[in-house]
Structure formats: structure tokens, C-alpha cells
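Input: a single structure, listed below in C-alpha cells.
The values are calculated or read from the model by the stated rules, or taken from the named source; none is laboratory data. Everything quoted here is computed from the prediction, not taken from an experiment. Note: ideal-geometry Cβ built from the backbone for every residue, glycine included; neighbour counts use all protein chains shown. Note: areas computed on protein heavy atoms with side chains; ligands, DNA, RNA excluded. Shrake-Rupley method; radii C 1.70, N 1.55, O 1.52, S 1.80 Å.
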Amino acid sequence: MCEQEKLFKSGRDQVADSLKESVEEYKRHCRRFTARTQEHYQRVMDRFIATLPAGISFAQVQPSHIRAYLYGLQREKLSDRTLNAHLTVVKSFCRFVSKNADLPNPASAVSMHTETPPNVRILQPIEYEKILAVCTPLARKRIVFLANTGLRATEFVNLKWENLSPDWKSLTIVGKGRKKRIVPLNDACREVLKQGGQSDYIFPSNKGGQLGRKALVLMFHSLADKAKIPAFGPHALRHYFATQLLLKGVSIELVSKILGHASIGITQRAYIHILPENLSGLTDVLTS
């Protein structure tokens, strides 16, 4: 940590008087996040700061400035989910500066937008079987592993043998926000792992290096064409994994933990609305 940042955190300098310096300190704070998260946070921060009056300090930022920024996004007809993604960054920035500089947090008075349930692409069991029927051996390994772990695409392509427990019963994953979680492995996953090669990566590219997310997506689109089903991506297999667990009676709390969601509310918004038929008859266990 640089001397200026130490002073900033201790509140012994006037860095909070300069919005530019506040943003730079926050960006340094964000270096602990993944590269994709840093890119997203920086893009949002640059856009948000550009909407503020010239020469304004953090202490002068008001909730109205934040609401005006969100209103501008609404005029672009962006979804509530996208607005919340922007607001999450702004709230994180304001919380960081207000805490370390002992200043009021202008974002605390701004509420998140109510999101409509996401329109997610979830593979049906019959579609999953059709895909496996047209897979090459390499594609089959990738499909089966993703369908049995629920990993995000970035987590999958970053997966190395060092993430695997000595007994091959679990993976230690570093997900969003650098948060670690344990993902259990079943027999299907262990069978896939037995077919591993010499690369540091469990699922390397054809050249033995890191597999690209784009290459993974293109492979799945090609499989969808061969199987004659609607296009799907890696996230559809994550949804397949989660829904199969829920349908088999695994609690949504455990599913949320395995998926690495920041809160159970995220899991509920993604999956509760797609399983209404499975609620039928549940109250029959009550006798009075």
C-alpha cells in the first residue's frame, strides 16, 4: 500500500477533497478483484464521474447526482438489471470513500431498482442428452464437467490442477470478488479428470495453454446446431446444474453456496420463478 493510500485510510490527509484522487484510490482498492470486474468497475466509474459538475469534491456529491446518472441510463432504455450493476459500483465507491474519509455516504439514500426475473436459457434434460449424442470426446468432457459443477465460464477456463483437492472430491474456486468457495465433485467429474493431459490447465486449449471463453462459446453454438436445439452458452449449463439440484430437493441455500452467489436473494431471483409447478402439493403435509 502506497504512503498516500495509508494517509487516505487513516483520514490524515485531504485526498477526499479531490474527487479525482478519491477515484484513483478506489481503483487501487479494486486491484484485488478479477480483471473483468476491474474493467467493469473502471468503465462505470469513468462514466459516472463524467456526469458530475466540474471541480466537484466527493463531499459535494449528492444523492440527486447519482439518481440523475441512473435516469440517464434509463433514457437509453437499459434494463433495471444493468442499472443495478452500475449502481452497485457507485455504491461501492461511495461506501469506500465515506468510510475511509469519515464523510457522509451520498449513495446510501439511493435504492436499488426492482428487477424483473431474468429470461435465462436453461437446458432441458432432453436437450442435454441430444447435445451429448453429437459431442466429440473433448466437447463431452467440457459439457459433462460444467453440467455437474455449475462453474462460470471464466472459472472453467481458469481451472488448474492446483485447484483440485488431493482426494479429487472438490475444487477450490476463486470466483467473483476474489471470494473462495468449495465445489464438490461427483463420479462423473472424476471420470472426466482421469482423462486429463500434461497442461497446468485442466481444460486447456488445443495448444495446451489457457482455453479462451470465446472458443468455449463457439463450441457450444456449434453443438447446438448439430443437436438441432436453440443456441446455448456456458451459463445455460450453470443454470441446468442449479435447476437439477433444486428439482432433486437440494435446498436453495446450499445451491446458492455452491454457485458462489453473493446472497441467497440472487439465487432466488434467478430460479424460484421457474419452478412454480414444483410447489404444488407442498402444503399437503399440514394437517390443520
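Under 25 Å Cα to Cα from Lys248, which lysines show up? Leave out anything in the same chain fewer than 8 places away.
Straight-line reach from Lys248, under 25 Å: Lys130, Lys141, Lys169, Lys257.
Between segment 147-196 and segment 24-72, how many Å separate their Cα centres?
34
Placing +1 on the Cβ of each Lys and Arg and -1 on the Cβ of each Asp and Glu in the chain, which of Leu159, Gln124, Ser22 has its Cα farthest towards the positive end of the resulting dipole?
It is Leu159.
Taking all protein chains as present, what is the carbon and sulfur share of the accessible area of segment 71-119, in % to the nearest whole number, probe 1.4 Å?
Numbers: 1390 of 2930 Å².
On segment 71-119, the fraction of accessible area on carbon and sulfur atoms equals 47 percent.
Suppose every Lys and Arg Cβ carries +1 and every Asp and Glu Cβ carries -1, with no other charges. What dipole size does the chain come out with about its Cα centre, to the nearest 20 debye?
Working: 42 positive and 25 negative charges, 111 e Å.
Charge dipole, the chain, about its Cα centre: 540 debye, nearest 20.
Given the chain, what whole percent of its Cα pairs are spread farther than 35 Å?
Numbers: 13956 of 41328 pairs.
Pairs farther apart than 35 Å: 34 percent.
Taking the Cα atoms only, what angle lies between the long axis of helix 137-147 and the longest principal axis of the chain, rounded to 10 degrees?
60
Say we join alpha carbon atoms closer than 10 Å with springs in a Gaussian network model of the chain; which of Arg269, Arg238, Arg152 then has the biggest fluctuation?
Evaluated over the chain, the most mobile residue of the options is Arg269.
Of the heavy-atom accessible surface of segment 123-248 (probe 1.4 angstrom), what whole percent is carbon and sulfur? Mind dumping the intermediate values first?
Details: 3490 of 6580 Å².
Answer for segment 123-248 is 53 percent, counting heavy atoms of protein chains only.
Between helix 35-50 and the chain, what is the angle of the helix's C-alpha long axis to the longest principal axis, kept within 0 to 90° and rounded to the nearest 10?
30
Angle check, please: helix 125-134 long axis (alpha carbons) against the longest principal axis of the chain (alpha carbons), in degrees 0 to 90, nearest 10.
70
What number comes out for accessible area per residue over segment 9-164 if the probe is 1.4 Å? Units Å², please.
Value for segment 9-164: 53 Å² per residue.
Which of rounded, prolate or oblate describes segment 117-200 when judged by the alpha-carbon gyration tensor and an a/c cut-off of 1.5? List each step's numbers first, then the result.
Numbers: a/c = 1.96, a/b = 1.18, b/c = 1.65.
Judged from the Cα gyration tensor, segment 117-200 comes out oblate (a/c at least 1.5, b/c at or above a/b).
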